[in-house]
1. Residues that are within 17 Å of the chain's Cα centre (by Cα) and crowded, with 19+ Cβ neighbours inside 10 Å: which strands (runs of 3 or more DSSP E) entirely in region 22-99 hold 3 or more of them?
2. For the list (1) under 25 Å from N308 (Cβ atoms); (2) touching a Lys or Arg at 6+ places or on another chain (Cβ under 8 Å); (3) surrounded by 21 or more Cβ atoms within 10 Å (Cβ to Cβ), I need the number of the one condition that A213 fails.
3. Take region 109-130 and flag every residue that is over 21 Å from the mean Cα position of the chain (by Cα) and either part of a loop (DSSP other than H, G, I, E, B) or outside the structural domain of K156 (by TED's automatic domain parsing) (or both).
4. Quick check: is even one residue across region 246-257 of a type in the set (A, V, I, L, M, F, W, C), within 23 Å of A303 (Cα to Cα), surrounded by fewer than 23 Cβ atoms within 10 Å (Cβ to Cβ) and within 16 Å of the chain's Cα centre (by Cα)?
5. Output the qualifying pairs, or none if there are none: Cβ atoms under 6 angstrom, residues six or more apart or on different chains, first residue in region 191-215 and not assigned by TED's automatic domain parsing to the domain that holds F170, second residue surrounded by fewer than 17 Cβ atoms within 10 Å (Cβ to Cβ) and in a helix (DSSP H, G or I).
6. Looking at region 205-255, which of its residues are within 16 Å of N283 (Cβ to Cβ) and touching a Gly at 6+ places or on another chain (Cβ under 8 Å)?
7. Find all pairs meeting these conditions: Cβ atoms under 6 angstrom apart; at least six residues apart or on different chains; first residue within region 232-250 and assigned by TED's automatic domain parsing to the domain that holds F215; second residue surrounded by fewer than 21 Cβ atoms within 10 Å (Cβ to Cβ) and among the basic types (K, R).
8. Looking only at residues that are buried (at least 24 other Cβ atoms within 10 Å of the Cβ) and among the polar types (S, T, N, Q) in region 277-315, which one is farthest from D173 (Cα to Cα)?
Amino acid sequence: MLSAVDRRWGPGDAFEAIETIGAFADRIARAKGAGTNIELFTKEERVGGNGPNFCNGLLGGGVEVECAGLFGNHPIFNDFRARVKTYSVGEPGLTEALEFRDGKIMLGYTTQLDAITYENLVAAVGEQQLFESLDQADLVGFMNWTMSFHLPDLLKRLQKGLKPSSQRLFFFDICDPAKRTVDELRDFLHSLKTFRPFGRVVLSLNRSESEQARFALSKESVACSAENILDYAKTLGSLLDVDLMILHLTDGAAGYDRNQAVYVEGPICKIPKITTGGGDIFNAGCALGLLQNLPLNDTLTLARNYANFFVSTAELPTLEKILL
């Protein structure tokens, strides 16, 4: 996690950070035709990636977790490996997260994600063990379609060995798809329903992702807000034929499960200590609620409080901590 330095009056952390994305953009824009120097200050190095963040959130609910991803032998994952059964399919990527009061800018080095293939997954886990783990799992999460170009092929090949289930949860988080084409996004979103014979399909989107998904599916450019989020959830859930559609904004979250649409407001952290990973922790909170068969409004309330604890304290949440 990084801060962009605005003014400095001494070494180390003796500086004032650029507080907003708008101010950062203005600083860059003023360099047109000339140049500028922007210092980046490293606040912290953390385990990252949508998958590990999601798993860390699940651990806070006492869930036994296995995770396949890009770990290599990097020491930053040592503690994670001690708590999670991991399978590495390649070397980890790197994200430099510039955090501001009103959002974040993620600068990613992601060519390593090309290693996420069915062949590498089988090599890391073993085909028999892979399908045994999938068959025994109550929840299977697939993260970051946007940067995992081989994921659609991997998912198709997994379906050939999956056993039908009415209870298993498949949780999808696509990650900001702005760099992918509209046709690619549409095709992937429509493919989610092919998992319904094997379990309940859950898709979670933030504001930007929901707007891009709606445009891809209907060619409608409609902003998502607290005022229309229930309609958004219903529209996307119906167009996609998934079992549960979840949308999360900074001030609330909505869900649509074919029977009802629910909106939960707040809590809101006005001065977050961290924002990177907040969406993944929200998703973990949703998954914990669904695993406990909580009503939809309680699931969303749990998820909102789970994420709020994380962004307010920069600490990983547990059920005990948020229920105190």
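The values are calculated or read from the model by the stated rules, or taken from the named source; none is laboratory data. Keep in mind it's a predicted model, so treat the numbers as computed, not measured. Cβ sites come from the backbone with ideal geometry, for glycine too, and all protein chains shown count toward neighbours.
1. Working: elements: 40-42, 66-70, 85-90.
Hits in region 22-99: 66-70.
2. It fails just one condition, (2).
3. Passing the criteria: only G126.
4. First pass over region 246-257, keeping only residues of a type in the set (A, V, I, L, M, F, W, C): 246-247, 249, 253-254.
Now narrow it down to the ones that are within 23 Å of A303 (Cα to Cα): 246-247, 249, 253-254.
Right, trim to surrounded by fewer than 23 Cβ atoms within 10 Å (Cβ to Cβ) and you get 249.
Applying the additional criterion that residues be within 16 Å of the chain's Cα centre (by Cα) yields 249.
For region 246-257, residues of a type in the set (A, V, I, L, M, F, W, C), within 23 Å of A303 (Cα to Cα), surrounded by fewer than 23 Cβ atoms within 10 Å (Cβ to Cβ) and within 16 Å of the chain's Cα centre (by Cα): present.
5. Close Cβ pairs (under 6 Å, with a partner that is surrounded by fewer than 17 Cβ atoms within 10 Å (Cβ to Cβ) and in a helix (DSSP H, G or I)) do not exist here.
6. Hits for region 205-255 are N206, A233, L244, M245, I246, L247, H248, G252.
7. D241/K193; D243/R200; L249/R207
8. T299
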